[in-house]
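The values are calculated or read from the model by the stated rules, or taken from the named source; none is laboratory data. In this text the structure is predicted, and so the values were computed from the model without any measurement. Virtual Cβ from ideal backbone geometry, glycine too; neighbours counted across all protein chains shown.
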Amino acid sequence: MTPMKNYQGGVTALCWDPVQRVLFSGSSDHSVIMWDIGGRKGTAIELQGHNDKIQALSYAQHTRQLISCGSDGGIVIWNMDVERQETPEWLDSDSCQKCDQPFFWNFKQMWDSRKISLRQHHCRKCGKAVCGKCSSKRSSIPLMGFEFEVRVCDSCHEAITDEERAPTATFHDSKHNIVHVHFDATRGWLLTSGTDKVIKLWDMTPVVS
């Protein structure tokens, strides 16, 4: 047994790709993680595209697209046929790794430098611990799974290209809280059921193809 831990919340949905030997898991922390089981490299790719917990997952193997559904009513179609990147681990530091200003718990450096302490943030692209002034920009980073804009340090913001900001997912509003999903790859139909006691049948051929 190999435990896999990378969530802030509980796991709420699972989906398996038997060909690539990849496991997809959704969580109550709004994220989806792709685990590389077959490659045995320990790779975990994070996908952030929901505003509430993930309720259901389905994988279209023939097009390498992941379908995630959440209690926010969103249906997200992820293109998994792109070279995705792991998100960096957040680095620990007692001061900003850009301007060296002390964080609020670093009393010694604050006293020695006679500087007011600051709150710590983290750049989602490089993982460095930074202050608010050095991370005032926001950007989407789809290849890292961030389809929404997230905090990045100023230097990373300048380095991110327009190609890196190109979306790798499409978003659709189901208008109900989805709790179960089934995808028929032959017909291109998606069946969803929700807490509103409604079953919906979707023609997904325009987006899953």
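Is one or more of the residues making up the range 194-203 modelled with pLDDT under 95 and within 21 Å of residue 26 (Cα to Cα)?
yes
Looking only at the range 56-66, decide whether some residue is out of contact with any Phe, Trp or Tyr (no Cβ under 9 Å at 6 or more places or on another chain), within 30 Å of residue 13 (Cα to Cα) and either at pLDDT 95 or above or surrounded by 21 or more Cβ atoms within 10 Å (Cβ to Cβ) (or both).
Yes, there is a match, as at least one residue in the range 56-66 is out of contact with any Phe, Trp or Tyr (no Cβ under 9 Å at 6 or more places or on another chain), within 30 Å of residue 13 (Cα to Cα) and either at pLDDT 95 or above or surrounded by 21 or more Cβ atoms within 10 Å (Cβ to Cβ) (or both).
Within the range 132-142, which residues are part of a strand (DSSP E or B) and loosely packed, with under 14 Cβ neighbours inside 10 Å?
Within the range 132-142, 138 is the sole residue that qualifies.
Do any residues in the range 134-149 that are at pLDDT 95 or above have Cβ atoms under 8 Å from those of residues that are acidic (Asp, Glu) and buried (at least 20 other Cβ atoms within 10 Å of the Cβ), where the two are at least six apart or on different chains, and which pairs are they?
These pairs meet every condition: 140/147.
Out of everything in the range 170-193 that is in contact with a strand residue (DSSP E or B) (Cβ under 7 Å, 6 or more places away or on another chain) and free of Cβ contacts under 8 Å to residues at least 40 places away in the same chain, what residue ends up being farthest from residue 63 (Cα to Cα)?
193
Any chance you could count how many residues in the range 143-180 are assigned to a loop (DSSP other than H, G, I, E, B) and touching a helix residue (DSSP H, G or I) at 6+ places or on another chain (Cβ under 8 Å)?
Looking only at that region, the number is 6.
Within the range 82-94, identify whether any single residue is more than 29 Å from residue 206 (Cα to Cα) and among the aliphatic types (A, V, I, L, M), and answer yes or no.
yes
Do the conditions hold for residue 143, that is, is it in contact with a Lys or Arg (Cβ under 7 Å, 6 or more places away or on another chain) and closer than 24 Å to residue 16 by Cβ?
Taking the combined requirement at face value, the residue satisfies it.
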